[in-house]
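Okay, structure first, notes after.
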Amino acid sequence: MELYRDIVTNTWRYPPEFVDRCMELALEWALCEITWVSECDVWQEGDNWFAVIYLDVPGVVDPNDVPWLKGITYGSKIPIEGSVDYWARVFRDLEDNWRDKFEYLANTGLEEETMRQFRGLRHTAVKGEIIGGIDDTISVYLDNGAMRTSAVLRKAEQVPGEVYKKGDVMYFYLSKVAKEETGYCAWLEVSRASKNFPAALIRMYAPWIKAKGVRRIVGKKSWVRCDKHPDREVLRKVSRELRGEVVEVV
């Protein structure tokens, strides 16, 4: 599970506290389910996980017949504590059950976390990495510095003549952040062809400037309205990111 946790944390860059909470809830859920108890507690000490389950004392058992139940009244609970390694030896399906429930919780919780992290970045330029494509749709990893998630670049939002190779890093215009129909994760869409992309790049390179896209002939020229004229270096950076497209301030 620690290896699985590291993959989720480091590859997808989920916030560590979010991952730890999902692991804790998943273990509690899996252990209660597999032991048929209604209550259990789990905690972590260093790299090791521990759990205690609480067995309900049934009313049909006579404490006189079961010596170790003497002094324990009906309705009370008997705590049984052990490491996760111990519980995994007793219940061989525990680790698989834990992993399945962790994946479920991480995916369902991911939607809320992704929405929180990226909603405020809509209509801005965000750095991304090409990870592949199916048919005319390109898949992209977006990285806001705190979290990594995936987005799609549709054919209509691609620039004619641009080549998108796996591993290429570039900026994209984040056009959509919404809930996916499955409810398991957020759905993000990006664009390289939006008329607002050049303005978003200007705002990124010069945050003190208010810029708005006016018109764009994709791949050739863009017209942007600004409250202050960007200096030549800013326009040069924007043009370079747009693969040589001319940017004119009106």
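The values are calculated or read from the model by the stated rules, or taken from the named source; none is laboratory data. A quick note: this is a predicted structure, and the numbers were derived from the prediction, not measured. We place every Cβ from the backbone using ideal geometry, glycine too, and count neighbours over all the protein chains shown.
Assorted remarks:
- The single residue among V152, V90, V140, V126 that is aliphatic (A, V, I, L, M) and farther than 26 Å from A193 by Cα turns out to be V90.
- Test: residue in the stretch 152-163 that is surrounded by 14 or more Cβ atoms within 10 Å (Cβ to Cβ) and β-branched (V, I, T): yes
- Sole residue being in a strand (DSSP E or B) and either in the same structural domain as R148 (by TED's automatic domain parsing) or crowded, with 19+ Cβ neighbours inside 10 Å (or both), chosen from S194, S222: S222
- Some residue of the stretch 50-71 being under 38 Å from the mean Cα position of the chain (by Cα), among the aliphatic types (A, V, I, L, M), modelled with pLDDT under 85 and not in a helix (DSSP H, G or I): yes
- Test result for K166, surrounded by fewer than 19 Cβ atoms within 10 Å (Cβ to Cβ) and in contact with a helix residue (DSSP H, G or I) (Cβ under 8 Å, 6 or more places away or on another chain): no
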